[in-house]
Every structure is written in C-alpha cells, then in structure tokens.
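Here's the structure, in structure tokens; my notes come after.
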Amino acid sequence: MRNLFLLGLAIVTASPAQAQEAELAGFSGALRGCEEWVLNPASWIDGPAPFESAVGLGDKMGLVAEIDQASLPPPALRQANHYWRINSTATTGYVLVVSDQLPMCHISGGGDADLQPVVETVLATSDFSSRWEQTSVEEHQGLRSTMFRSRVDPLFSATVTRAKNPGARKDRVQVLVTATYELEN
C-alpha cells in the first residue's frame, strides 16, 4: 500500500514538469513551423507531410478546418490561410496560421496553464537566439512585445507579444506571434 501511495505521489509531482515540457515543445514547434512555412516553401508545396515532418511534433500537430476568432491573424493577413492546431496538453496549446499566398505566419497560444514563463524560456534559449536577433522591446498595459529579425533571412521579422509577468493572462490568449517576410520591390 505504501509503495502504491509513493507511486501515485511520484505521478502527481511529475505531471507539472511534464506539462511544462510539453508546452515548451509546443511553442518551440510552432515557431519552427512558422519559420519552415515562410522560409522553406518546398516543404509544403506538394502537400503537408514534409512540412509536418520538419516541424517534428508528430500527432501533437494537426491541420484543422477552422479556428476561434481570437486565434486569427490581423485582417490584412487573412488570405488563403491554413490552420494547424498544436496540442501541448489536454487543456493548453497553440494555433499556427499560415498562408499559401502571403509570406506570413501567426501563432496564438492559451489554455489553463500560464504560458508566460514558457514563452520567456523559449525566447532565452541559444537555439532561438541562433535563429532570431532581438531588435526592440515595447511594454504597454502589462504586455511585452519583442521584435525580432531572422538571422537566416533579415527580410523575415516577428513580433512576440505576451504578458509582462507570470500569471497575468490565463483568462484569454496568452501569446501572439506575428511574423512576415518583407517582399523586395
């Protein structure tokens, strides 16, 4: 009986760490998907399988027909969109919106977990900073928006908006990423 109790205690105490790892993997995967879609159209031009493989989330990521209004990109980017749902946990995940006509991607994330620490952790990794250079930061009404430029292609830029502090936005969309590629004239 004591061993059963200890096993149950180990499962309960391991779950938050496992959930945070899944949330980190989901956000990192959404960012990889964003970059892959915009910078490597060859990965999706003949169908979704190579793209899905490049993102590396397996069955945690799937194409869906529609998403909530809150997950849509700004109106100017709502053209020929495709929606990918990324389920990190049963109650937390991300939506990746891409376009096959505009060089853009949009990520939204939310759920029962506090994603602010997850976003900060991913943005602080050497993997992320090897691909993205921070160009500026703005703070307004408890939100922090950080602008980045791709180190792979400086015409590709992204804005990551999330709560400034942990625990501040669990009741609505917690992270928004909008990335666009500036077409040269």
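The values are calculated or read from the model by the stated rules, or taken from the named source; none is laboratory data. Because the structure is predicted, anything quoted here is derived from the model rather than measured. Backbone-built Cβ (ideal geometry, glycine too); neighbour counts: all protein chains shown.
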What are the residues in region 60-75 that are modelled with pLDDT under 95 and either touching a helix residue (DSSP H, G or I) at 6+ places or on another chain (Cβ under 9 Å) or of a type in the set (Asp, Glu) (or both), if any?
ASP68
Quick one: would you say LEU63 is in contact with a Pro (Cβ under 8 Å, 6 or more places away or on another chain) and not β-branched (Val, Ile, Thr)?
yes
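Here is a yes/no grid of residues against (1) modelled with pLDDT of 95 or more; (2) closer than 15 Å to GLU35 by Cα:
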site: VAL119; (1), (2): yes, no
site: THR125; (1), (2): yes, no
site: SER136; (1), (2): yes, no
site: GLN141; (1), (2): no, no
site: PHE148; (1), (2): yes, yes
Condition set in contact with a helix residue (DSSP H, G or I) (Cβ under 7 Å, 6 or more places away or on another chain) and surrounded by fewer than 22 Cβ atoms within 10 Å (Cβ to Cβ), scope region 108-121, selection nearest to MET61 (Cα to Cα): answer is ALA113
Filtering region 74-95 for residues that are surrounded by fewer than 16 Cβ atoms within 10 Å (Cβ to Cβ) and either more than 22 Å from ASP112 (Cα to Cα) or touching a residue at least 12 places away in the same chain (Cβ under 8 Å) (or both) leaves a count of 8
Of all residues being buried (at least 19 other Cβ atoms within 10 Å of the Cβ) and of a type in the set (Asp, Glu) in region 26-51, which is nearest to VAL119 (Cα to Cα)? Just the residue, please.
GLU35
Among (1) within 28 Å of ASP46 (Cβ to Cβ); (2) without any contact (Cβ under 8 Å) to a residue 60 or more places away in the chain; (3) not basic (Lys, Arg), the one test that SER150 misses
(2)
Scan region 52-73 residue by residue and report those that are surrounded by 15 or more Cβ atoms within 10 Å (Cβ to Cβ), of a type outside the set (Lys, Arg) and part of a helix (DSSP H, G or I).
GLU52, ALA54, VAL55, SER71
State whether the residues of region 39-52 include one that is of a type in the set (Ser, Thr, Tyr), over 19 Å from THR180 (Cβ atoms) and touching a helix residue (DSSP H, G or I) at 6+ places or on another chain (Cβ under 7 Å).
no
The lone exception for TRP37 - which of (1) in contact (Cβ under 8 Å) with a residue 12 or more places away in the chain; (2) among the hydrophobic types (A, V, I, L, M, F, W, C); (3) out of contact with any Ser or Thr (no Cβ under 9 Å at 6 or more places or on another chain) it fails:
(3)
When residues of region 74-107 are limited to those that are in contact with a Phe, Trp or Tyr (Cβ under 9 Å, 6 or more places away or on another chain) and assigned to a loop (DSSP other than H, G, I, E, B), the one farthest from GLY56 (Cα to Cα):
LEU102
Strands (runs of 3 or more DSSP E) enclosed by region 126-174 - at least 3 residues per element that are surrounded by 12 or more Cβ atoms within 10 Å (Cβ to Cβ) and among the small types (Gly, Ala, Ser):
156-163
